[in-house]
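Every read-out reported here was derived from the displayed coordinates using simple, explicitly stated rules and does not represent laboratory data. In this text the structure is predicted, and so the values were computed from the model without any measurement. Cβ sites come from the backbone with ideal geometry, for glycine too, and all protein chains shown count toward neighbours.
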Amino acid sequence: MPHHIRFVFPFTAIVGQEKMKKALLLNAINPRIGGVLIRGQKGTGKSTAVRALAELLPEIKVVKDCPFNCNPDNPQEMCDSCYEKYARGEQLQWIKRKVRIVNLPLNATVDRVVGTLNIEKALKEGLKALDPGLLAEANRGILYIDEVNLLDD
């Protein structure tokens with residue numbers, strides 16, 4: 001099976017756009033800042049800068065097979081399922097991987113973004129279970145929304 005290597009323009013090779021680069025770096029250092037809204041004309045390097053930044057970031061530890069990308073070292077950053085295992089004293093298996101960039105399509109439904117009830121589990125097992133959406137996938141990563149101004153309210 002051939003691997004497709006995608007070239008990502010290096011962050012350090014982006015000339016100009018100093019405010020944008022600084023904002024991206026500050027958010028990488030402190031994600032509690034809450035994100036960056038990048039504005040600019042088409043072709044000014046907005047998408048390139050975001051993808052380049054993701055390549056700079058160190059790999060993160062995530063709980064294996066967790067759709068929320070939980071941090072195995074911090075119970076405060078765990079979903080209910082991971083926290084229950086942690087509280088029972090179970091060893092959480094983890095992997096290291098690159099920070100993900102999750103693209104939010106303009107036509108994404110609310111269910112696709114936030115997740116929805118897993119009807120099959122509810123009917124078969126009587127359990128309220130969530131099928132996670134794009135926000136879960138982007139947890140501890142980068143949620144990228146191109147043309148944010150075109151999103152429905």
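Estimate the FRET efficiency between Leu56 and Leu117 by the formula 1/(1 + (r/R0)^6), using the beta-carbon distance for r and 41 Å for R0, to the nearest 0.05.
Computed FRET efficiency for Leu56 and Leu117: 0.60.
With a/c under 1.5 counting as rounded, go ahead and sort the range 58-98 into rounded, prolate or oblate using the C-alpha gyration tensor (a ≥ b ≥ c being the square roots of the eigenvalues; past the cut-off, prolate if a/b is larger than b/c, else oblate).
Prolate is the answer for the range 58-98, as a/c is 1.5 or above and a/b outweighs b/c.
What FRET efficiency comes out for the pair Asp80/Arg32, r = Cβ-Cβ distance, R0 = 22 Å, nearest 0.05?
After rounding, the FRET efficiency stands at 0.50.
Working out 0.36 nm times the residue gap between Leu25 and Asp146, then minus their Cα-Cα distance, what length gain in nm do you get to one decimal?
Roughly 41.7 nm would be gained on extension.
Looking at the chain, what % of its DSSP beta bridges pair antiparallel, to the nearest 5?
70 percent
Could you tell me which of rounded, prolate or oblate describes the chain, using a ≥ b ≥ c as the square roots of the eigenvalues of the alpha-carbon gyration tensor, with rounded for a/c under 1.5 and, failing that, prolate when a/b is larger than b/c and oblate otherwise?
prolate
Please work out how many pairs of lysine residues in the range 1-118 are eight or more positions apart (or on different chains) and have Cα atoms closer than 14 angstrom. Can you show the working numbers first?
Values: Lys19/Lys46; Lys21/Lys46; Lys22/Lys46; Lys61/Lys96; Lys61/Lys98; Lys64/Lys85; Lys64/Lys96; Lys64/Lys98.
Within the range 1-118, the lysine pair count is 8.
Read phi for every residue in the range 120-136 and hand back ³J(HN,Hα) as whole Hz from Karplus 6.51 cos²θ - 1.76 cosθ + 1.60, θ = phi - 60°, with x for Gly and Pro.
Running phi through 6.51 cos²θ - 1.76 cosθ + 1.60 with θ = phi - 60° gives 4, 5, 5, 6, 6, 10, x, 9, 8, 10, 9, 8, x, x, 5, 5, 5 Hz.
Ignoring everything except DSSP H segments at least 4 long, calculate the 222 nm mean residue ellipticity for the chain; use -39,500 (n - 2.57) per segment, divide by total residues, nearest 500. Numbers along the way, then the final one.
Numbers: 6 runs with 48 residues, N = 153.
Mean residue ellipticity, 222 nm, calculated: -8500 deg cm²/dmol.
Please compute the contact order of the range 100-153 in relative form: average sequence separation of alpha-carbon pairs under 8 Å and at least six residues apart, divided by the residue count, as a percent.
Relative contact order comes out at 50 percent.
Which of rounded, prolate, oblate describes the range 100-153, given a ≥ b ≥ c as roots of the alpha-carbon gyration tensor eigenvalues and a/c under 1.5 marking rounded, otherwise prolate only if a/b is larger than b/c?
Judged from the Cα gyration tensor, the range 100-153 comes out oblate (a/c at least 1.5, b/c at or above a/b).
Would you mind calculating the relative contact order of the range 26-138 from Cα pairs under 8 angstrom and at least 6 residues apart, reporting the percent as a whole number?
Once normalised by length, the contact order is 22 percent.
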